[in-house]
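K.L.:
Below is a structure I'd like to ask you about.
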Amino acid sequence: MNTLHQSAKATSRLGRPISASVLIAWLVYLFLIVPSLIVVPMSFGTSNELVFPPQQWGLDLYAKALDPAQGWLSAGGRSFVLGLIATGLALMMGVPAAYGLSRTNFFGQKALSFMLLSPIFAPTIVVALALYLYFATLHINGSMLGLVMGHAVIITPFLVVTTLSGLKHLDRNIENAAMVMGATQLQVFFRVVLPAIKGPVLSGSLFAFLLSFDEVIVSWFIARSDQPTLPVKMYSSIQWEVSPVLAAISTFLVFITVIVSLVSAFAQPENTDGF
Amino acid sequence: MQTMHALETNTTIGKAHRGRIPIMIRTLGFGTFLLPLTVFMLLVFCVPLLGVARASFYTNGTWTLSAYREFVSGALFHRALINTLSIGFMTGLISVICGYFVAYHLSRMPQRKRRLYIILVMLPFWTSILVKSFAFTVLLGTNGIINQALQAISGTNVVVPMIFNRAGVIIGMAHWLIPFSVLPILSSLLSQDKALRDAAEVMGATGMQVFWKVTFPLSLPGVLASGLMASVIGMGSFVTPSLLGGRQDLMMANLVDFYVREALDWRMASAIAVVLILLALLILSTAAFVRTRLSR
């Protein structure tokens, strides 16, 4: 299967036959990328049925998506506000925690970091059920507070991981120098460490926002059914009736994903592999 | 000289200012950075999880194993468990195989080019699962793009059922999991010492032999671990089987949802969730064991 590498190299001067394994890799790339791209042309169709390619082109679906009566706009706004607050909360807790984890070495630290990161490994449905039962006893199911806390549980561990990887590249001698010069720990954190890791933290928080903006399972359990987030509204819409408006909404989500990926690619240092 | 002096006075001032701060307090100082998230996770993650465990044993004021007894004896639960395991391992396997081709392709290109190609993996990785599910209903449906294309090519009315059945779940889930397996396999391939391959080549190994005797065995621990990891992620999936599967493809996550929303039976929902998380823990620790054992 890998011969391609060798044989392609050997025969490239003769006209480069494409090896089987490169061909398969390209088929997988195609499989991966097609669903994200197919929604874009579909969103510019005008018919009430999903046909590809669209018979007529127009912006009808976008007009429908932006029509306040359809509820997409308010769901989108709700998800946006929720994403912003949850990301802010994640930043305030996650970045200091990552710094604390990377600069200490105490008994039980492995267990603590496992606990702090475990929402990444736990099946989201279990987290969703746990929060649903918990918030039911606290009477905050369906409230913005419940959604913010639920999303913070999901996205903060992710921000801790990206911040940790940023801290790995930071030379500890700079912090030691600041300490020697009389800076307090807080000063070191805010004036030395934070400015040095602002790239990874920025890109981490953009992706954390995206995680929250796209989060469906926890919100499906916690949000009130008459006040859905955008993904919850999409989920129930696909479940009952696949409407062409979804193509416009999907295109918008793909667009946001591309923007976040581009911005964070520029925020990352050159020498990393971009993931 | 003068800076040296300044530095010295500064430290003495710092010391005088802070007094003789023992190392313990300094460690506690870092502890203050950890404190907010630790408290938050204890209150909003650990306590709720324990609440699920409790709810699975405790109903109407008594402790009981009834939910687990029903789980062991009920045909519905058997089906969900078997579906969860078989779909999880199946898609884990598929995504590792597909992911290996992509990771291998990525690992053999210069870094600059790789940064560009990896977008083809990262864009779908970050795309909402709902966008993907919607796209797959459009692509795979009875009147979908693929079936229309097949009809146009063959000139018949052939319809390949690819949605609301097992095939739909597996296609959708593989699409979701392939990026998860590409990244660990890629980093395992990139961490291999190129000198080993060069040595094998110098000794006369063909490209095929270098791959099967050097590259592949070295990447095996990473491949197994990422395959198990992908399976575990797949086993927790909820959206894909619900939107792309049929009635026969219910997974445990969907059953949890059913018991919370339709049956209003929190005890049963909690028991299923406990079984699911134990399953995940078991497979993840196997993955960790495999990785340490094989990479030794």
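K.L.:
B:PRO179 - would you say it is surrounded by 23 or more Cβ atoms within 10 Å (Cβ to Cβ), within 21 Å of B:ALA103 (Cβ to Cβ), at pLDDT 90 or above and touching a helix residue (DSSP H, G or I) at 6+ places or on another chain (Cβ under 6 Å)?
P.N.:
Yes; evaluated as a whole, the condition is true for this residue.
K.L.:
Right, another one. Any residue at all in segment A:25-36 that's crowded, with 17+ Cβ neighbours inside 10 Å, hydroxyl-bearing (Ser, Thr, Tyr), within 20 Å of the chain's Cα centre (by Cα) and within 11 Å of chain B (Cβ to nearest Cβ)?
P.N.:
Within segment A:25-36, one or more residues are crowded, with 17+ Cβ neighbours inside 10 Å, hydroxyl-bearing (Ser, Thr, Tyr), within 20 Å of the chain's Cα centre (by Cα) and within 11 Å of chain B (Cβ to nearest Cβ).
K.L.:
Quick one: count up the residues across segment B:217-231 that are closer than 14 Å to B:GLY99 by Cβ and within 14 Å of another protein chain (Cβ to nearest Cβ).
P.N.:
8
K.L.:
Let me ask another. If you check every pair at least six apart or on different chains, which have Cβ atoms under 9 Å apart with a residue in segment A:205-225 that is within 12 Å of A:PHE135 (Cβ to Cβ) first and a residue that is among the charged types (D, E, K, R) second?
P.N.:
A:PHE221/B:ASP257; A:PHE221/B:ARG261; A:ALA223/A:ARG78
K.L.:
Sticking with this one: Could you list, in sequence order, all residues of segment A:103-118 that are facing another protein chain (nearest Cβ under 9 Å) and either surrounded by 22 or more Cβ atoms within 10 Å (Cβ to Cβ) or of a type in the set (Ser, Thr, Tyr) (or both)?
P.N.:
Correct list: A:THR104, A:LEU116, A:SER118.
K.L.:
Something else now. Just one of A:GLY77, A:GLY83, A:GLY100, A:GLY94 is in a helix (DSSP H, G or I), surrounded by 19 or more Cβ atoms within 10 Å (Cβ to Cβ) and either without any contact (Cβ under 8 Å) to a residue 60 or more places away in the chain or among the aromatic types (Phe, Trp, Tyr) (or both); which is it?
P.N.:
A:GLY100 is the lone residue from the list that is in a helix (DSSP H, G or I), surrounded by 19 or more Cβ atoms within 10 Å (Cβ to Cβ) and either without any contact (Cβ under 8 Å) to a residue 60 or more places away in the chain or among the aromatic types (Phe, Trp, Tyr) (or both).
K.L.:
Determine, yes or no, whether A:ILE222 is away from chain B (no Cβ under 11 Å), surrounded by 20 or more Cβ atoms within 10 Å (Cβ to Cβ) and more than 20 Å from B:PHE238 (Cβ to Cβ). Show your work before the answer.
P.N.:
Numbers: away from chain B (no Cβ under 11 Å): yes; surrounded by 20 or more Cβ atoms within 10 Å (Cβ to Cβ): yes; more than 20 Å from B:PHE238 (Cβ to Cβ): no.
Taking the combined requirement at face value, the residue does not satisfy it.
K.L.:
Looking only at segment B:92-102, count every residue that is buried (at least 18 other Cβ atoms within 10 Å of the Cβ), more than 9 Å from chain A (Cβ to nearest Cβ) and hydrophobic (A, V, I, L, M, F, W, C) and tell me the total.
P.N.:
Residues in segment B:92-102 being buried (at least 18 other Cβ atoms within 10 Å of the Cβ), more than 9 Å from chain A (Cβ to nearest Cβ) and hydrophobic (A, V, I, L, M, F, W, C): 2 in total.
K.L.:
Now for a separate question. So the check is Cβ under 8 Å with 6+ separation or different chains; which pairs have a first residue in segment A:253-271 that's more than 16 Å from A:LYS198 (Cα to Cα) and a second one that's at pLDDT below 90?
P.N.:
Pairs that qualify, where the first residue is more than 16 Å from A:LYS198 (Cα to Cα) and the partner is at pLDDT below 90, are A:SER261/B:ILE119.
K.L.:
Continuing with this model, one more query. Suppose the filter is buried (at least 23 other Cβ atoms within 10 Å of the Cβ) and not charged (D, E, K, R); does A:ILE249 pass it?
P.N.:
Working: buried (at least 23 other Cβ atoms within 10 Å of the Cβ): yes; not charged (D, E, K, R): yes.
Spelling it out, A:ILE249 is indeed buried (at least 23 other Cβ atoms within 10 Å of the Cβ) and not charged (D, E, K, R).
K.L.:
I need every pair where a residue in segment B:111-122 that is at the interface with chain A (Cβ under 7 Å from one of its Cβ atoms) has its Cβ under 8 Å from the Cβ of a residue that is β-branched (Val, Ile, Thr) and outside any helix (DSSP H, G or I), sequence separation at least 6 or different chains.
P.N.:
Short answer, once both residue conditions are applied: none.
K.L.:
Let me ask you something else. Hey, does segment B:185-205 have a residue that's within 30 Å of A:VAL216 (Cα to Cα) and more than 10 Å from every other protein chain (Cβ to nearest Cβ)?
P.N.:
Checked against the condition, which is being within 30 Å of A:VAL216 (Cα to Cα) and more than 10 Å from every other protein chain (Cβ to nearest Cβ), segment B:185-205 yields at least one hit.
K.L.:
Out of everything in segment B:69-80 that is touching a residue at least 60 places away in the same chain (Cβ under 8 Å) and away from chain A (no Cβ under 14 Å), what residue ends up being nearest to B:MET122 (Cα to Cα)? Break it down into steps so the answer makes sense when it comes.
P.N.:
Taking segment B:69-80 first, the residues touching a residue at least 60 places away in the same chain (Cβ under 8 Å) are B:70-71, B:76-77, B:79-80.
Checking which are away from chain A (no Cβ under 14 Å) leaves us with B:70-71, B:76-77, B:79.
Working: B:GLU70: 42, B:PHE71: 39, B:LEU76: 37, B:PHE77: 36, B:ARG79: 34 Å.
Among them, the one singled out is B:ARG79.
K.L.:
Would you be able to tell me the number of residues in segment A:134-167 that are buried (at least 22 other Cβ atoms within 10 Å of the Cβ) and of a type outside the set (Val, Ile, Thr)?
P.N.:
Of the residues in segment A:134-167, 11 are buried (at least 22 other Cβ atoms within 10 Å of the Cβ) and of a type outside the set (Val, Ile, Thr).
K.L.:
Is one or more of the residues making up segment B:249-256 of a type in the set (Val, Ile, Thr), surrounded by 21 or more Cβ atoms within 10 Å (Cβ to Cβ) and at the interface with chain A (Cβ under 8 Å from one of its Cβ atoms)? Can you show your working first?
P.N.:
Narrowing segment B:249-256 to residues of a type in the set (Val, Ile, Thr): B:256.
Filter once more, so that each one left must be surrounded by 21 or more Cβ atoms within 10 Å (Cβ to Cβ): B:256.
Of the ones still in play, those that are also at the interface with chain A (Cβ under 8 Å from one of its Cβ atoms) are B:256.
Checked segment B:249-256: at least one residue is of a type in the set (Val, Ile, Thr), surrounded by 21 or more Cβ atoms within 10 Å (Cβ to Cβ) and at the interface with chain A (Cβ under 8 Å from one of its Cβ atoms).
The values are calculated or read from the model by the stated rules, or taken from the named source; none is laboratory data. Nothing here was measured: the structure is a model prediction, and the numbers come from that model. For neighbour counting, all protein chains shown are included, and Cβ atoms are generated from backbone atoms with ideal geometry for every residue, glycine included.
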